[in-house]
Amino acid sequence: MVHVRTGPKTQTVNICTEANRKGIYESVYELDVREKVTDDQVARRSDLADLRAWLESLGGFDRGPRGGEPPAGRPKLEPRLIGADVDDEWFDNARRVVEVAIDSLVLEFIDLPYLHRVEHSLHARLYGILAAHPMFAHLLPIGDTGYSTQPVHKEWPETTARESKDGRRGNFDLAILSRRQLESATLDDFREGRIAAAIVIEMGLDYRFDHLRQDHDKLINSKVSAGYLVDLLRNRPADERTEQLILNPSANVRTAYARHAPTGECVYKTVGAAALQRRAGGDGGGMRPGPRR
């Protein structure tokens, strides 16, 4: 038995084990929803080998067994993954550029907390700062495919799926790939996000502690070499749990923070700082209303 499931962005083609029990699969192929695989198309394949070859021709990737042990004689399939090993000099320089970019975003937010309405706009702002820097403002070849890409990416797939995602990978807000990683990549590696980004940034705007903790755990779960958490808050009282996590993240995670309190004060931390700092908050670019007449 084979079950096709269609979501808003992806489809999965789920191949049951010999027991033919729904929910226990020996293979789960994930495809872009634009391929529009139908049950009728699946039924026309001559056998499982033909089905697998056809799905792979459409860009499908076998995520391996789900819901039970793989059938006897069939090893559990692990996705090919290009690791995060990169040139040390590149890595050190890239981290410095990323940290300066994050700090500039935090300082801008202190002065202009309502320059951006939503979090995605902040993502775009940080992406623009990074992509404009000479360190990242160039094209990188994708293996020997003849195609090129850029180092900075939005919505790059997580390296390792979390249990809360039911065995599927979510996406990082921003990620940076190195030339060395892309040298050995195929086009499928790139399209499927099978490259373990060495530098990852997760960002939150006006979220509570639980969101920050989930982003932190997301970085830890994927064992990123350099993870950054950026937490920005407007008109929020202090939350001790949030500030403790900001000051004491796990290894390989660095943090930046800015909170505009209801009193008008701003509490913040740049990436390299070891303690929270305080200053008067920005005036929104002169947009505060004047006195009534």
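No lab work stands behind these numbers, since they all come straight from the coordinates. In this text, all values refer to a predicted model and were calculated from it rather than measured experimentally. Heads up, the Cβs are rebuilt from the backbone with ideal geometry, glycines too, and the neighbour counts pull from every protein chain shown.
(1) 6, 24, 27, 21, 14, 6, 2, 0, 0; (2) 5, 18, 22, 21, 16, 10, 5, 2, 1, 0; (3) 7, 29, 36, 22, 6, 0: which one is P(r) over Cα pairs in 10 Å bins from 0, in percent as calculated from this entry? The listed entry that was calculated here is (1).
Toward the positive end of the charge dipole of the chain, with +1 on the Cβ of Lys and Arg and -1 on the Cβ of Asp and Glu, the farthest Cα among ILE15, LEU219, ALA280 is that of ALA280. When only the Cβ of Lys, Arg, Asp and Glu is charged (+1, +1, -1, -1), the dipole of the chain relative to its Cα centre reaches about 980 debye. Derived scalar couplings between HN and Hα for the range 102-116 equal 5, 4, 5, 5, 5, 5, 5, 5, 4, 7, 9, x, 10, 5, 10 Hz in order, rounded to whole Hz, by the Karplus curve 6.51 cos²θ - 1.76 cosθ + 1.60 (θ = phi - 60°), x for Gly and Pro. Note on the chain: GNM, Cα springs under 10 Å; of LEU112, LEU212, LEU182, the largest mean-square fluctuation is that of LEU112.
Dividing the summed helix terms, -39500 (n - 2.57) for each DSSP H run of n ≥ 4, by the number of residues in the chain produces a 222 nm estimate of -8500 deg cm²/dmol to the nearest 500. Near PHE61, the amide H atoms lying under 5 Å from its own belong to GLU30; only residues 5 or more places off or on other chains count, and H is placed 1.01 Å from N. A cut-off of 5 Å between modelled amide H atoms, ignoring neighbours fewer than 5 places along the same chain, links ILE142 with TYR147, SER148, THR149. Dipole magnitude for the range 2-62: computed about the Cα centre from +1 point charges on Lys and Arg Cβ and -1 point charges on Asp and Glu Cβ, it is near 260 debye. The phi-based Karplus calculation (6.51 cos²θ - 1.76 cosθ + 1.60; θ = phi - 60°) puts the 3J(HN,Hα) values of the range 210-221 at 4, 5, 4, 5, 5, 5, 4, 5, 4, 5, 5, 4 Hz, whole numbers, x for Gly and Pro. Among TYR127, TYR114, TYR257, the largest mean-square fluctuation in a Gaussian network model of the chain, built with springs joining Cα atoms closer than 10 Å, belongs to TYR114. For the chain, modelled as a GNM whose springs connect Cα atoms under 10 angstrom apart, the maximal fluctuation among LYS269, LYS154, LYS22 occurs at LYS22.
Taking a threshold of 23 Å on the Cα-Cα distance, which of the pairs LYS22/LYS154; LYS22/LYS218; LYS154/LYS223 fall above it? In this structure, LYS22/LYS154; LYS22/LYS218 lie more than 23 Å apart at Cα.
Less than 17 Å apart at the alpha-carbon level, and either on another chain or at least 8 residues along: which aspartates and glutamates does that give for LYS269? Of all the aspartates and glutamates, those that pass the test against LYS269 - Cα under 17 Å, at least 8 places apart if same chain - are GLU99, ASP103, GLU108, ASP111, GLU202, ASP206, ASP231, ASP239, GLU240, GLU243. Protection proxy ranking for 130-140, 100-110, using the average of other Cβ atoms within 10 Å per residue and placing the highest first: 100-110, 130-140. Between ARG34 and ASP206, the FRET efficiency estimated from the beta carbon spacing at R0 = 22 angstrom works out to 0.10. Comparing ILE110, GLY170, SER148 along the charge dipole axis of the chain, the residue lying farthest to the positive side is ILE110, per the Cβ-charge model.
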